[in-house]
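Each remark here refers to the structure printed beneath this line.
The values are calculated or read from the model by the stated rules, or taken from the named source; none is laboratory data. The model shown is predicted, which means the values in this text are computed figures rather than measured ones. No Cβ is skipped: glycine too gets one built from the backbone with ideal geometry, and neighbour counts run over all protein chains shown.
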Amino acid sequence: MKYTKLIKFFFWFFIFFWVFMIFVFSFIYINPSFEEGPKWEEIDKVENFVEIQVKFYEISPPFFIIFNGKEFLTLSAICPFRRAILKYDKENKVFVCPSHGEKFDLNGNPLNRKVNRLKKLSLTIKGGNIYVFLGKGG
Ligand code: FES
């Protein structure tokens with residue numbers, strides 16, 4: 001009689017334990033807030049862009065925000081060829097790759113057509129703040 005109670009107890013304990021574990025693991029793996037992943041980051045303020053300009057943000061992943069006087073465009077600062085960090089040539093208004101010399105216009109198009117265009121990052125403005133959607137690790 002005692003053994004049957006003990007067996008029942010362990011049986012139900014085992015069932016509840018695994019139901020609880022399945023619940024915990026599914027919550028961790030399904031709920032994206034538990035993951036270190038892509039997210040919107042507050043980057044700058046709209047009021048800091050008063051004229052046509054290009055700003056470089058040296059974070060991970062590095063990128064440029066281009067303001068043409070009306071609209072914003074966000075381009076990755078990583079060269080699509082061998083992933084060097086691009087520099088902005090203010091005089092010629094182009095992005096230059098320091099590794100192999102590829103140049104890109106302000107829309108991210110390569111000027112000598114050897115490589116892919118620069119990757120665009122999503123940008124949104126809320127309450128006067130600029131948010132950029134940063135992917136995992138660039
Ligand atoms: S890494 Fe950019 S052109 Fe070579």
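Just so you know, in region 92-138 the residues that are among the β-branched types (Val, Ile, Thr) and part of a strand (DSSP E or B) include one that is farthest from the ligand (Cβ to nearest atom), and it is ILE125. Checked against (1) in contact with a Lys or Arg (Cβ under 6 Å, 6 or more places away or on another chain); (2) of a type outside the set (Phe, Trp, Tyr); (3) modelled with pLDDT under 95, GLY137 meets all criteria but (1). The residue of region 50-91 that is farthest from the ligand (Cβ to nearest atom), among those that are free of Cβ contacts under 8 Å to residues at least 60 places away in the same chain, within 14 Å of PRO110 (Cβ to Cβ) and surrounded by 13 or more Cβ atoms within 10 Å (Cβ to Cβ), is LEU75. Looking at (1) modelled with pLDDT of 95 or more; (2) over 18 Å from LEU134 (Cβ atoms), which one does ALA77 not meet, given that it meets all the others? Here ALA77 clears every test but (2).
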